[in-house]
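Notes for the one structure printed next.
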């Protein structure tokens, strides 16, 4: 792998982690949860207002994609962003997670309960 490829790879890995770290911190959850597999999805569910048992749905093929889109959209709405932002968060988290985490969006509470 070339040097440029390595830099691009690191950016694609580090940017969403840093973004979700800040998203979790804004929602008064532990930021370090962004680096723990499965726990990070559990935290995203809690922030979005979805039940924690949805973590089990990640193990079911096809259902995991649908569940991630629902949680990403609710996560965006929890920060007063629209559905389009949530779809962007689901598809391009390396771009949208840092925008949500480092931007001026504030946590408004769980969106799924509204």
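Counting other C-beta atoms within 10 Å, which of 35, 87, 70, 62 has the fewest, and how do the rest follow?
Working: 35 11, 87 15, 70 18, 62 7.
Fewest-to-most Cβ neighbours within 10 Å comes out as 62, 35, 87, 70.
What order do you get for 42, 9 when you list them from fewest to most C-beta neighbours inside 10 Å? Please list the in-between numbers first.
Values: 42 18, 9 11.
In increasing order of surrounding Cβ atoms, one gets 9, 42.
How large is the helix-only mean residue ellipticity at 222 nm for the chain, computed as the sum of -39500 (n - 2.57) over DSSP H runs with n ≥ 4, divided by its residue count, in deg cm²/dmol to the nearest 500? Before the final figure, lay out the partial values.
Values: 5 runs with 69 residues, N = 114.
It comes out at -19500 deg cm²/dmol, rounded to the nearest 500.
If you split all Cα-Cα distances of the chain into 10 Å bins from zero, what percentages do you get per bin, shortest first?
It works out to 16, 48, 29, 7, 1, in whole percents.
If one takes the longest principal axis of the Cα atoms in the chain, at what angle in degrees, from 0 to 90 and to the nearest 10, does the Cα axis of helix 63-78 lie?
For 63-78 against the chain, the angle is about 80 degrees.
Hey, with R₀ at 35 Å, roughly what FRET efficiency would residue 14 and residue 83 work out to, going by the Cβ-Cβ distance, to 0.05? List each step's numbers first, then the result.
On the way: r = 27 Å, r/R0 = 0.77.
The computed FRET efficiency comes out at 0.80.
Taking neighbour counts of Cβ atoms within 10 Å as a proxy for exposure, in what order, fewest first, do 29, 80, 50 appear? Numbers along the way, then the final one.
Details: 29 18, 80 12, 50 23.
Listing 29, 80, 50 from fewest to most nearby Cβ atoms yields 80, 29, 50.
Considering the Cα trace of the stretch 1-58, what is its radius of gyration and what is Dmax, both in angstroms?
13.8, 43
Where a number appears in this text, it was derived from the coordinates with a stated rule and is not lab data. Predicted, not measured: the structure shown is a model, and the values here were computed from it. Every residue, glycine among them, receives a Cβ derived from its backbone with ideal geometry; neighbour counts consider all protein chains shown.
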